[in-house]
Each structure stands twice: as C-alpha cells, then as structure tokens.
Amino acid sequence: MAIPFLFWTVSGLVMVAKPIEEVRGTNLIAEPKPLTVDPRFVVPDTAGLPVSAMALEARAGGPLWKLSFDDGKSRLADPMTGRLLPPIGAADAAREVMSRYTGKASVADVSRVATDSPPIELRRAMDGWRVRLDDDTHFYVDAGSGEIIARRTSWWRIYDFMWGLHIMDLQGRTDTNNPWVVSFGMLSLLMVLLALILLPLTIRRKNDNGNGTGSRAKPS
C-alpha cells in the first residue's frame, strides 16, 4: 500500500507546485484585437450548407466570418466577398499563433494533426496544425476555423503525466473510475480505519505495560 500512497503524494505535490494559470499557459495568448467593421461587409455564401452559428472574428489577416455547421465542422469566409475560404495551411497556422503570442520563443516547426490519431496531450479529434515553439510549447490551430483551440506548455505535459499517475490511468488520463484507483482507494480507506482502531489499543497497551499492570515473565 505504500506504493499508491507514494504515487498520490508525489503526483499531488507536483500538480500544486505551480499556479494552474502558468501550467495552462493562459498568459501566452493575448485576447483578439477589437474588430473594425466595414460597411461593405456582406453575408457569407454558405453554399446551401446548414449553418448553426455565424460570427465575425479577428484573425491575423483581419476580420473573417467564422461559420459553424451542423456536422460540427467550421469554415472561414471572406467578409468582403462572402466567399468560403479553404482550410488554412501551415504558414497561416503559425501566423495566427505568432500574431497573438506574448512570449519570447519562436516557431520551431509546424506539423499536421490527423483527425483519426490526435496526440494524447490534445484529448480531442481535430483536423488542423500543431505549432511547436523552440521552448517546446505547443499550440493547436483548427484548420477550418483558424482558431487556437489548445496550448500545451512543458509544465502542462509534466502535470498531465502526474495527473495520469494520480488517477492510475497513464494511457488515456481521463478515466477517474478505473478498477486500479477504485481498488487502491478502498484498500487505503480500510487501512486508515484499521489504524484508527488499532492505534488507541496500542497506546493503551503501552500505558498499561508502563504502569506495571501488564503480565510479567517469571524469574529464571
């Protein structure tokens, strides 16, 4: 039982070592700049596709329409022509990140994120790009909407590993009700209850022996 106790203690200590805002890199991406709406902007041409939401949002190159469709996908549209834009490329993803990045690192590489095999640190399916900086911070940009949907610092990955250790799910790191953590949790509770029962008995027995009321061996 010392092993899970050690895991829980060490992982818990690491997870509270830094403020959660620093772990998440909250301050690494600035808020979008205020939009300047041109009266010439037109409603986008949705090409007959059912739209669940539509908003004018700031992007690195200026305002763009963001269209959300019923199938969960998103697309950008030119506000001047209303034309739907193709998914953004690697250079556009890097530009989106760096236009709002507040740190001092630079782009090391940009790699494609496949929908069917997202990295474990992302935790969701996404068709887009991973922008890796030279300090090993990762930003994930959706190709359809051009939106920065996740940021992962080096400390976040350490935190994430410790979280998986804490809940005893290092593969998915999401299952807080797996058999391992439930079993060890029940055993730990049993040990604590036994300790609460046995400790007073041990102290009383020690006191009784110290007062001379305990049994004594016969002299040889």
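The values are calculated or read from the model by the stated rules, or taken from the named source; none is laboratory data. Source: prediction; values computed, not measured. Quick reminder, even Gly has a Cβ in these numbers, built from the backbone with ideal geometry, and neighbours come from all protein chains shown. Ligands, DNA and RNA are excluded from the accessible area calculation, which covers all protein heavy atoms including side chains. Shrake-Rupley method; radii C 1.70, N 1.55, O 1.52, S 1.80 Å.
So that you can scan it fast, the table gives a plain yes or no per residue for (1) within 21 Å of Asp135 (Cα to Cα); (2) surrounded by 14 or more Cβ atoms within 10 Å (Cβ to Cβ):
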residue: Ala2; (1), (2): no, no
residue: Leu6; (1), (2): no, no
residue: Leu13; (1), (2): no, no
residue: Lys18; (1), (2): yes, yes
residue: Lys33; (1), (2): no, no
residue: Thr46; (1), (2): no, yes
residue: Pro50; (1), (2): no, no
residue: Ala53; (1), (2): no, no
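Residue under question is Asp116, and the condition is that it be modelled with pLDDT under 95, farther than 22 Å from Tyr159 by Cα, open to solvent by 60 Å² or more (accessible area, probe 1.4 Å) and of a type in the set (D, E, K, R); does it hold? Against the criterion (modelled with pLDDT under 95, farther than 22 Å from Tyr159 by Cα, open to solvent by 60 Å² or more (accessible area, probe 1.4 Å) and of a type in the set (D, E, K, R)), Asp116 qualifies. Put simply, of Arg152, Arg173 the only residue that is surrounded by 11 or more Cβ atoms within 10 Å (Cβ to Cβ), basic (Lys, Arg) and closer than 30 Å to Pro86 by Cβ is Arg152.
Specify the residue that is surrounded by the most Cβ atoms within 10 Å (Cβ to Cβ); the eligible residues are those in region 59-91 that are out of contact with any Gly (no Cβ under 7 Å at 6 or more places or on another chain), in contact (Cβ under 8 Å) with a residue 24 or more places away in the chain and among the charged types (D, E, K, R). Among them, the one singled out is Lys66.
Can you list the helices (runs of 4 or more DSSP H) lying wholly within region 1-102 that have 3 or more residues being modelled with pLDDT under 95? Filter on region 1-102 gives 2-15, 20-24. The set of residues from region 155-167 being farther than 25 Å from Leu133 by Cα and either open to solvent by 40 Å² or more (accessible area, probe 1.4 Å) or modelled with pLDDT of 95 or more (or both) comprises just one member, His166.
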